[in-house]
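The values are calculated or read from the model by the stated rules, or taken from the named source; none is laboratory data. Keep in mind that what you see is a predicted model, and the values were worked out from it rather than measured. FYI the Cβ positions are ideal-geometry reconstructions off the backbone, even for glycines, and counts take in every protein chain you see. Remember, those area values only see protein heavy atoms, side chains included, never the ligands or the DNA or RNA. Shrake-Rupley method; radii C 1.70, N 1.55, O 1.52, S 1.80 Å.
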Amino acid sequence: MGQCDCRTHQFQYREPVRAGSIGRARQTERYRAAILLADLQIGFADRAVPADVPDVPLKACFERLLELAKAFAPGKADAPCVLRSLELNPAQIGEGVTVRAAQCEIAAAAPARLPRPIHKIDKLIHPKSIGIVGASATGMNFGRIILRNLLGSGYPKEQLLILKPGETEIDGVKCVEGLKALDKKLDMLIVAVAASAVYDLVDEIIASDAVDAVMLIPGSLGETKKSREPAAALAARINAAHGNAGGGPIFLGANCLGVVSHPGTYDSWFIPLERLPKPQKKPLRDAVMLSQSGAFMITRLSQNPWLDPAYMLALGNQTDLTHGDMLSYFAELPGIEILGIYIEGFKDLDGLQFAKAVRKAVLNGKQIVVYKSGRTAPGQGGVMGHTASIAGGLTLFESVVRHAGAIVAEDFNTFDDLFYMAGNLQHKKIGGGRLGAISGAGFEAVGMADNIESDTFAMTMGEIGADTVKAVEDILVAKKLEQLVEVRNPIDINPGADDEAHLQITEAFLHDPNIDVVVVGLDPTAPSVRALVESKLRPGHDINDPKSTVHLMPPMVERNDKPIIGIVDGGTLYDTMAARLMDQGACIFRNCARGTRALVSYVEARLYADSLKSRRPGGTDF
């Protein structure tokens, strides 16, 4: 096979090529490699293929394509060149595969990035010492806000240092002249200086070996045309340092909002705490949010504080640490059960590492919720300008990470819904996709049934058994509703049903072996439901009544191993009811269609994850 020089080459076939025909190349020896690439994908060793089994030739074609990808993949030491792209268009499937035109692009392999010492991420999220560069002694710049947030979040003042020539202390924190004045190695250094000052400072950090982990807060490194070349050179120097003894320091960012680590007792975001309080909403924080965009995390948490991750890290431009690095680390970290990840783009080859880390995390019992931006051409352009990333193909990305076991969100709201649902239901049993739907509002019961299908998965309405029918009939008699309600699934239990009726019927459905999960409309506007903070018409008939849903539902959620999704569809009058239920661990949505759609995606992913564990225990290949 011919050698490939440093240039990129493109080659095309425009003559009909029949499956199994190898060796039609007529170009010179220098280009013979590319023609073989175009031929290999359609060779089937002349095997006979039954005309009525189209999957057989298609599977064989995919097998050849996978062989081709492995043989000429970036990072393969003995490959003479790298296959950058390959397109078969048009291709016809019949007794065999006929390709009418093929095009491929090959190039010399780029130098591989050295492995990052990801064990040092522990120093990033659990630092015993933190230094700050860039805190103003007189004004409230980003560095000073970060300092205030560190102090305000409870990080010990004696474990902080400010690198500031000419100052002795700022806000009661000791200052030193610089890296050379340190008397011991820092676990973490936060760099909040102008972008132009970053290049020399990073070189000093690498040369001094005085820091294990670094946050690069400044933006614009690699995001503008002018900065791309120096930013690439900076990344190359950081990469080279990983070849040193000990692996050198790791860098988070640049264009990085920072990190919130509740276990590490610190908040290094440059958002003042008064603008985004972070009260604990879960009894045990067991989630992580990873995001290229800091603002994505801020808005998600502001709108739904019940997401309540233990760790929130902004990756920014991935100058060093990548999505694959972060997920590889957290896939193995005990105590973490859910990861929510916002991605704009990957560094070269990191998509594969990320997919492998997804599979590893899923096999370790963790749930991964992913949203990837750059879904349109304008969006892809915005990705390059925001975090200097190449957005990449969305369809391919979603297919690969779903296959790896992730739960894929198609928009911001769905990400919130799935991340929240995963945090509530991770310990519930998903025995199948049979739904029980209950509401006192007819439209809501129908709306649940109308939203049990997605493009890739469908739940069914469970057929309730005779024992369940009898149990529900007894409840209706006790509540004097038997003349108004027909027992079925979905069931409209009438606006006259009170809190007890809703929850007793829910529990009857949960006990049915033909029901795997229940969605119950809690009907806050119904007169009999105790949903108000205070009722003027019926004093005491409110959420503080021991017979209210707020008091009765959380224990029911706790004692049942099947999932329950509650719907509180109403205006701001019912915000307190919903919040009180969510505070106690009930999974609550404010719209039946939104809650049911999220449930469909969640159930699909959980069932698939269970199948992965049963097929490949302990394995990460896919």
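Listing for the model above:
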quantity: Number of positions in segment 299-311 that are touching a residue at least 60 places away in the same chain (Cβ under 8 Å), open to solvent by less than 10 Å² (accessible area, probe 1.4 Å) and in contact with a strand residue (DSSP E or B) (Cβ under 6 Å, 6 or more places away or on another chain); calculated: 0
quantity: Members of segment 258-275 found to be hydrophobic (A, V, I, L, M, F, W, C), open to solvent by 10 Å² or more (accessible area, probe 1.4 Å) and in contact with a Phe, Trp or Tyr (Cβ under 9 Å, 6 or more places away or on another chain), listed by number; calculated: 270
quantity: Selection count, segment 221-240, where residues are exposed (fewer than 15 other Cβ atoms within 10 Å of the Cβ) and among the acidic types (Asp, Glu); calculated: 1
quantity: Residue list for segment 539-575, filter: touching a residue at least 40 places away in the same chain (Cβ under 8 Å) and part of a helix (DSSP H, G or I); calculated: 549, 552, 553, 556, 573, 574
quantity: Residue in segment 411-450 that is farthest from residue 297 (Cα to Cα), counting only those that are out of contact with any strand residue (DSSP E or B) (no Cβ under 8 Å at 6 or more places or on another chain) and crowded, with 22+ Cβ neighbours inside 10 Å; calculated: 447
quantity: Restricting segment 337-353 to residues that are open to solvent by 10 Å² or more (accessible area, probe 1.4 Å) and modelled with pLDDT of 95 or more, the residue that is farthest from residue 85 (Cα to Cα); calculated: 337
quantity: Failed criterion for residue 218 (all others in (1) of a type outside the set (Gly, Ala, Ser); (2) open to solvent by 40 Å² or more (accessible area, probe 1.4 Å); (3) within 18 Å of residue 256 (Cα to Cα) hold); calculated: (2)
quantity: Residue tally, condition open to solvent by 10 Å² or more (accessible area, probe 1.4 Å) and of a type outside the set (Lys, Arg), over segment 127-142; calculated: 10
quantity: Those residues of segment 193-203 which are in a helix (DSSP H, G or I) and open to solvent by less than 80 Å² (accessible area, probe 1.4 Å), in sequence order; calculated: 195, 197, 198, 199, 201, 202, 203
quantity: Subset of segment 147-181 that is polar (S, T, N, Q) and part of a helix (DSSP H, G or I) - its residue that is farthest from residue 257 (Cα to Cα); calculated: 159
quantity: Residue among 314, 287 that alone is buried (at least 24 other Cβ atoms within 10 Å of the Cβ) and either over 26 Å from residue 196 (Cα atoms) or of a type in the set (Ser, Thr, Tyr) (or both); calculated: 287
quantity: Which listed residue, of 392, 374, 423, 432, is modelled with pLDDT of 85 or more, outside any helix (DSSP H, G or I) and touching a helix residue (DSSP H, G or I) at 6+ places or on another chain (Cβ under 8 Å); calculated: 432
quantity: Qualifying residue in segment 529-536 (condition: part of a loop (DSSP other than H, G, I, E, B), at pLDDT below 95 and in contact with a Leu (Cβ under 8 Å, 6 or more places away or on another chain)); calculated: no
quantity: Among (1) closer than 30 Å to residue 347 by Cβ; (2) modelled with pLDDT under 80 - the single one residue 51 does not satisfy; calculated: (1)
quantity: First in segment 57-83 and at positive phi, second anywhere and part of a loop (DSSP other than H, G, I, E, B) and of a type in the set (A, V, I, L, M, F, W, C), Cβ under 9 Å, 6 or more apart; calculated: 75/109; 75/112; 75/349
quantity: Among the residues listed as 223, 229, the single one being of a type outside the set (Lys, Arg), touching a His at 6+ places or on another chain (Cβ under 8 Å) and over 24 Å from residue 184 (Cα atoms); calculated: 223
quantity: Members of segment 482-509 that are crowded, with 19+ Cβ neighbours inside 10 Å and without any contact (Cβ under 8 Å) to a residue 24 or more places away in the chain; calculated: 485
quantity: Options 233, 135: the member that is assigned to a helix (DSSP H, G or I) and of a type outside the set (Lys, Arg); calculated: 233
quantity: Matching residues in segment 339-360 - criterion: being of a type in the set (A, V, I, L, M, F, W, C) and within 21 Å of residue 599 (Cα to Cα); calculated: 339, 341, 358
quantity: From the options 453, 473, 463, residue that is surrounded by fewer than 23 Cβ atoms within 10 Å (Cβ to Cβ), of a type in the set (Asp, Glu) and under 27 Å from the mean Cα position of the chain (by Cα); calculated: 453
quantity: Long-range neighbours under 6 Å by Cβ, at least six apart or interchain, first residue under 24 Å from residue 199 (Cβ atoms) within segment 118-144, second among the hydrophobic types (A, V, I, L, M, F, W, C) and open to solvent by 20 Å² or more (accessible area, probe 1.4 Å); calculated: 131/161; 133/193; 134/193; 142/270
quantity: Single residue of segment 513-561 satisfying the filter (open to solvent by 80 Å² or more (accessible area, probe 1.4 Å) and of a type in the set (S, T, N, Q)) that is nearest to residue 494 (Cα to Cα); calculated: 525
quantity: Selection count, segment 241-263, where residues are in contact with a helix residue (DSSP H, G or I) (Cβ under 8 Å, 6 or more places away or on another chain) and in a strand (DSSP E or B); calculated: 5
quantity: Single match in 598, 578 (criterion: part of a helix (DSSP H, G or I), in contact with a strand residue (DSSP E or B) (Cβ under 7 Å, 6 or more places away or on another chain), modelled with pLDDT of 95 or more and surrounded by 15 or more Cβ atoms within 10 Å (Cβ to Cβ)); calculated: 578
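Each row is one residue, and each column tells you yes or no for (1) surrounded by fewer than 19 Cβ atoms within 10 Å (Cβ to Cβ); (2) at pLDDT below 85; (3) over 24 Å from residue 319 (Cβ atoms).
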{"site": "31", "(1), (2), (3)": "yes, yes, yes"}
{"site": "85", "(1), (2), (3)": "yes, yes, yes"}
{"site": "92", "(1), (2), (3)": "yes, yes, yes"}
{"site": "100", "(1), (2), (3)": "yes, yes, yes"}
{"site": "105", "(1), (2), (3)": "yes, no, yes"}
{"site": "122", "(1), (2), (3)": "yes, no, no"}
